[in-house]
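Have a look at the structure below, then the notes.
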């Protein structure tokens, strides 16, 4: 039966045979002949379109026979020396092998192998988690809006305790709690008492119960401590205002003449600087501000400068003018109508009894639109014109002293004064606040997040470094004395560029790396080539300042637009952001709601980036009152709830759970060193994570389109996959926004 001829296809190469002979020796029986065939093996790709050759050396006849029908020879016999062209059919199956047998004076075999299209889908098969948390992942939560246990709409300690299984499932090894102290505000950064807890959140015993229950799950507790300033409601500040000789005057930055004191270098927390990095002086009056007796008031509205002159008198008191166009607002009486004695001049004699002073008003019903006129905090001098203003419009007082206090932030947050930075640890404020921190360490607290550390000494780096070093040493000694063998964890909010932030490692073991999210965003935008170098740059800069440095990385916090907002509310990118952060060295922080895809901007108020957790679809126990009910109801819908996302295997929440568990499972991911891997570049971020003998290969395709990567390692053990990936021999194909981790 005639063999069917195989048509010449683009993927099937042609073959030919050329033979050269020496006719003078062809039939010479005396000629010695030895058959040689080279090479001894031919290797073809799966769809090889090239021709490969076998060289035959002999003076006699020979035959060549392929072992398989997919191997093709132009001729199967010949005489004398020659070159044999060999081709194969395109292979769309598995790897295959065969041979060519060449017979002459002896027999030689040429092996033929061809790769197949062995496209294998990557399927993650991680090792079982042994229960030993390694990741150092911290979850930042806001006590007032995380979880409500008693139905009053405000988050509390018991609410957090009730949700510890959720936090444990997220792989958290520590919780950073917002300030737990008494406060007049919802956010609690204007602390009124460092030595106790806010009763809205529960009792000290409730706090202790939370700490113990967290420790049972391998979760540490970090308190947020505000060292730059307190609230105005502290007994310290109140006493300092009420009594010029109060010992608490030294706890704050007071001055009777700020300009002169700053110029003379007498303001300790400026650390020698003539200009603060941020903040203002605020005037206050101390002593007796009021007056009791009969006074004559004359308001002159005739010129550009508006004035009031107050004199003591024995003249008869006058009733309030019911048809008045100008009023004074005084004491417990309220509005007193003045009489117009001449054009735009208004007067009255009246008995007053006031503890705080008075104001001048151009409306008896409205306080808006500049209708309230007062002073700047300095007392009035009887018998002399007093210039009015409606911008500051402070109470016009009769006596007492006027002094000023400095606040880096709001008027309600006076800066604390630690004296000269060279001896700050000896200041009364340092000693008192450190004593309160000692209390919480002895209660079981494992560490602290320090607020606004740049402004303790007004952005003076050397001064702040020394203060923070003294603070850390003091509290670490307390921590050790409490029986711990490790060092206390402490991270500073040095909210500044990396060049400044890294210098704060001379005072603290960790600071937040605010530039990390910029690098992550750039990578997620498809420019991932610099990711490894940038992260390693952060770490090396930190360890250069302090060998035991811990680089704290995060995407967003309570003071910034949500990470999801910055990523365009793109859930695919949010998932990959989580996978990238949780495979990056350092100490990752997850911010409340980030794992659920919460988005939001600060434009309408910070409350809108401090949204309460929606635990179930119905919104039960959602602590909305903790943020004064300022929530985006368009975002806070049932589908974003914990209940809905736990039921969806592909949800963002379950991505966080999966990759957090991965980090907790493998020491190389949790604590390893990072080095670039082959393929890193363009939209591919590829690196190794190595710890001891364990080595992992991490690859992220941050493009929206499919990309391929040539791998040089044995990648037969995939342990994590986000997206879809296939492997064909040494070619890894990654779908858009796909991440994969291999254990090597």
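For the chain, give me the percentage of DSSP beta bridges that are antiparallel, rounded to the nearest 5 percent.
Taking every DSSP beta bridge within the chain, about 75 percent pair in antiparallel fashion.
Using packing as a proxy for protection, rank 721-734, 151-164, 294-307 so that the peptide with the highest average count of other Cβ atoms within 10 Å comes first.
Averaged packing, sorted descending, gives the order 151-164, 721-734, 294-307.
Note the angle between two axes, namely the Cα long axis of helix 571-581 and the longest principal axis of the Cα atoms of the chain, as a number of degrees from 0 to 90, rounded to the nearest 10.
Here the helix axis deviates by roughly 90 degrees.
Where does each of 495, 687 land when they are ranked from fewest to most other beta-carbon atoms within 10 angstrom?
495, 687
Can you tell me the length gained on complete extension of the stretch residue 43 to residue 152, counting 0.36 nm per residue apart and subtracting the Cα distance?
Using 0.36 nm per residue and subtracting the Cα-Cα distance, I get 31.8 nm.
Hey, fewest Cβ within 10 Å first, where do 274, 602 land in order?
274, 602
Determine the principal axes of the Cα atoms in the stretch 69-203, then give the extent along each, sorted from largest to smallest and rounded to whole angstroms.
That works out to 105, 27, 24 Å along the principal axes.
Can you give me the C-alpha center-to-center distance between the stretch 648-715 and the stretch 417-459, rounded to a whole angstrom?
Centre-to-centre (Cα) distance: 40 Å.
Percent relative contact order of the chain, based on C-alpha pairs within less than 8 angstrom and at least six residues apart?
Normalised by residue count, the contact order of the chain is 12 percent.
Between helix 461-481 and the chain, what is the angle of the helix's C-alpha long axis to the longest principal axis, kept within 0 to 90° and rounded to the nearest 10?
The angle comes out near 80 degrees.
When Rg is the radius of gyration of the Cα atoms in the stretch 632-700 and Rh is its Kirkwood radius, what does Rg/Rh come to?
That ratio is 1.16, to two decimals.
Ratio of the stretch 502-572's C-alpha Rg to 2.2 N^0.38 Å, to two decimals?
1.22
Arrange 743, 52 by Cβ neighbour counts within 10 Å, fewest through most, would you?
52, 743
Taking the Kirkwood radius as the inverse of the mean 1/r across Cα pairs, report the Rg/Rh of the stretch 288-399.
In the stretch 288-399, Rg relative to Rh is 0.91.
Under a no-solvent Debye model with one identical scatterer per Cα of the chain, what's log10 I(q)/I(0) at q = 0.06, 0.11 Å⁻¹?
For the requested q values the scattering log ratios are -0.56, -1.16.
Could you tell me how many degrees, from 0 to 90 and to the nearest 10, lie between the Cα long axis of helix 204-216 and the main elongation axis, the longest principal axis, of the Cα atoms of the chain?
10
Nearest 500 deg cm²/dmol is fine: what mean residue ellipticity at 222 nm does the chain get from its DSSP H runs of n ≥ 4 alone, each adding -39,500 (n - 2.57), divided by its residue count?
Rounded to the nearest 500, the figure is -5500 deg cm²/dmol.
Read the figures in this text as sums done on the coordinates, not as results from a lab. Since the structure is predicted, the reported quantities are computational estimates derived from the model, not experimental observations. For neighbour counting, all protein chains shown are included, and Cβ atoms are generated from backbone atoms with ideal geometry for every residue, glycine included.
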